[in-house]
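Enquirer: Quick one: this structure, given as structure tokens, is what I'll be asking you about.
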Amino acid sequence: SKIKSCVKLTGFVNSTDNFTDQPKVLNGFTDKLDEFFSEKPTRSAVGASSLPLNVCVEVQSVFYINE
């Protein structure tokens, strides 16, 4: 209950050079956030040729916490 909103979201998508739909890949994550928060975060989607542990998507989020 202390987490009030997601402020910033950056998603890294493991993809080839000609793939341009990185924002669509992140839509599932931001749609899930909409279930919990009324405000939408700023968002960036970045293509990467490889990610640690060979994962498909890595998401970095900054949340606002009210103590």
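Enquirer: Would you please name the residue that is surrounded by the most Cβ atoms within 10 Å (Cβ to Cβ), looking only at residues in region 41-57 that are more than 16 Å from Thr20 (Cα to Cα) and either over 15 Å from the mean Cα position of the chain (by Cα) or free of Cβ contacts under 8 Å to residues at least 12 places away in the same chain (or both)?
Expert: The selected residue is Pro52.
Enquirer: Scan Lys24, Lys4 and give me the residue that is among the basic types (Lys, Arg), touching a residue at least 40 places away in the same chain (Cβ under 8 Å) and open to solvent by 80 Å² or more (accessible area, probe 1.4 Å). Don't jump to the end; show me each part of the working.
Expert: On the way: Lys24 fails: touching a residue at least 40 places away in the same chain (Cβ under 8 Å).
Within the list Lys24, Lys4, the selection yields Lys4.
Enquirer: Kindly evaluate Lys4 against the criterion of being at pLDDT 95 or above and charged (D, E, K, R).
Expert: Working: at pLDDT 95 or above: no; charged (D, E, K, R): yes.
No.
Enquirer: Continuing with the same structure: Taking Ser38 as meeting all but one of (1) of a type outside the set (Lys, Arg); (2) open to solvent by less than 80 Å² (accessible area, probe 1.4 Å); (3) not in a helix (DSSP H, G or I), write down the number of the exception.
Expert: Checking Ser38 against (1) of a type outside the set (Lys, Arg); (2) open to solvent by less than 80 Å² (accessible area, probe 1.4 Å); (3) not in a helix (DSSP H, G or I), the one that fails is (2).
The values are calculated or read from the model by the stated rules, or taken from the named source; none is laboratory data. Because the structure is predicted, anything quoted here is derived from the model rather than measured. Cβ coordinates were reconstructed from backbone atoms using ideal geometry, including for glycine residues, and neighbour counts include every protein chain displayed. Only protein heavy atoms, including side chains, enter the accessible area calculation; ligands, DNA and RNA are left aside. Shrake-Rupley method; radii C 1.70, N 1.55, O 1.52, S 1.80 Å.
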